[in-house]
Structures are given as structure tokens and as C-alpha cells.
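A quick write-up on the structure given underneath.
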Amino acid sequence: PKQQTLAVIKPDAMEEHRERILEEISGSGFSVTQLKEMVLSREMAEEFYKEHREKPFFSQLVEFMCRGPCMMLILTKENAVEEWRAMMGPTDPEQAKATCPNSLRARFASDILQNSVHGSSNEQHAEEKISFIFGDISSDCRDHRK
Ligand code: CMP
């Protein structure tokens, strides 16, 4: 069965790496069901990352995510959540370089904060973040495809 996940190209990767990342997404068999470029407000970034509210890096993270435009994508594929996470590689690019040198973060990320891409960690988060970013219209579309 097809699955959906939310992928984000973060502000640090938008200028230099966006095109390459989009090509690799399509080349890896994901369908880009929806896509939009947007600048997150502080409030949206805080809500988007609410699971990390207690982390010491939370304010830095919010600041970074609001710094410039992000590309938001709904990716559809069998096992999309896990496949997109594998393609991104570990959160920390140093670890990514050591363990998954072909991953996006190994190649494009600058550090553990500015790590180029985001992906939902599980199916429930994927649904929640997709409706948060794309609203109810996208969940209607999702239902019609089932
Ligand atoms: P992401 O996968 O989008 O989920 C949470 C984000 O917080 C993560 O990518 C990084 O951008 C950031 N992050 C995670 N751990 C750290 C850390 N130790 N220091 C700074 N930023 C971090």
C-alpha cells in the first residue's frame, strides 16, 4: 500500500541544493503529490516542532526554520516514511558521513541544526504535519486516492 510522508527542504539547502534534492526524490520513485514553497512564521515553526519544545536547541531551531523559504512536499510511495528517512540519513551530518555517505544529509548538511531536510518520523506524525502544512484540502485528496 502507498504511504505518504511530509518532506521539507530547509532554508540552508534552498539556494544551493533544492534542484538536486528534487531530482533525487523523483529519481527514487517518490511521487510528489503536493509541493509548496513558504516562509514559516515563528508561530508555525513552533507548532511544527512542538515535540521538541523542551529541547535545549528549540529556540535555535525555530529561528533557523524561519530564516528563509522552505519547500514543503507530500511524498507518496510504498513505505514512504521509512524510505524518505533512509534517503535523508542520520540527523547529524557527521554521523551521516560516517554511516550513510550517499545520504542527503551526508552530502548537503552543514551541521546538526542546519541539516538540509526534514521528514516525518512515523505515519501519525506524517498525517498530522501534512494537514498542518497543507490543510484540509490535501487530506480530502488523500482520502480519494485510497
Ligand atoms: P529534524 O529531523 O527536522 O528534527 C528536529 C530538528 O532539530 C533536527 O532535524 C535538527 O534540525 C535539529 N536538531 C536536532 N538535534 C539537534 C542538536 N543537538 N542541536 C541543534 N539542533 C538539533
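Are there any pairs, at least 6 apart or on different chains, whose C-beta atoms fall under 8 Å, with the first in region 5-25 and outside any helix (DSSP H, G or I) and the second basic (Lys, Arg), and if so, which? Pairs found: Leu6/Lys129; Ile9/Arg18. The set of residues in region 1-41 being hydroxyl-bearing (Ser, Thr, Tyr) and either surrounded by 13 or more Cβ atoms within 10 Å (Cβ to Cβ) or at positive phi (or both) consists of Thr5, Ser28, Ser31, Thr33.
Residues in region 95-113 that are surrounded by fewer than 17 Cβ atoms within 10 Å (Cβ to Cβ) and either assigned to a loop (DSSP other than H, G, I, E, B) or in contact (Cβ under 8 Å) with a residue 12 or more places away in the chain (or both): Pro101, Asn102, Ser110, Asp111, Ile112, Leu113.
Among the residues of region 62-69, is there at least one that is more than 14 Å from the ligand (Cβ to nearest atom), assigned to a strand (DSSP E or B) and in contact (Cβ under 8 Å) with a residue 24 or more places away in the chain? No, that holds for no residue. Scanning region 85-94 for residues that are assigned to a helix (DSSP H, G or I) and within 11 Å of the ligand (Cβ to nearest atom) gives Arg85, Met88, Pro93.
Taken together, the values in this text are just the output of simple stated rules run on the coordinates, not laboratory data. Given the structure is predicted, the values throughout are model-derived calculations rather than measurements. Note that we place each Cβ from the backbone using ideal geometry, even for glycine, and neighbour counts take in every protein chain shown.
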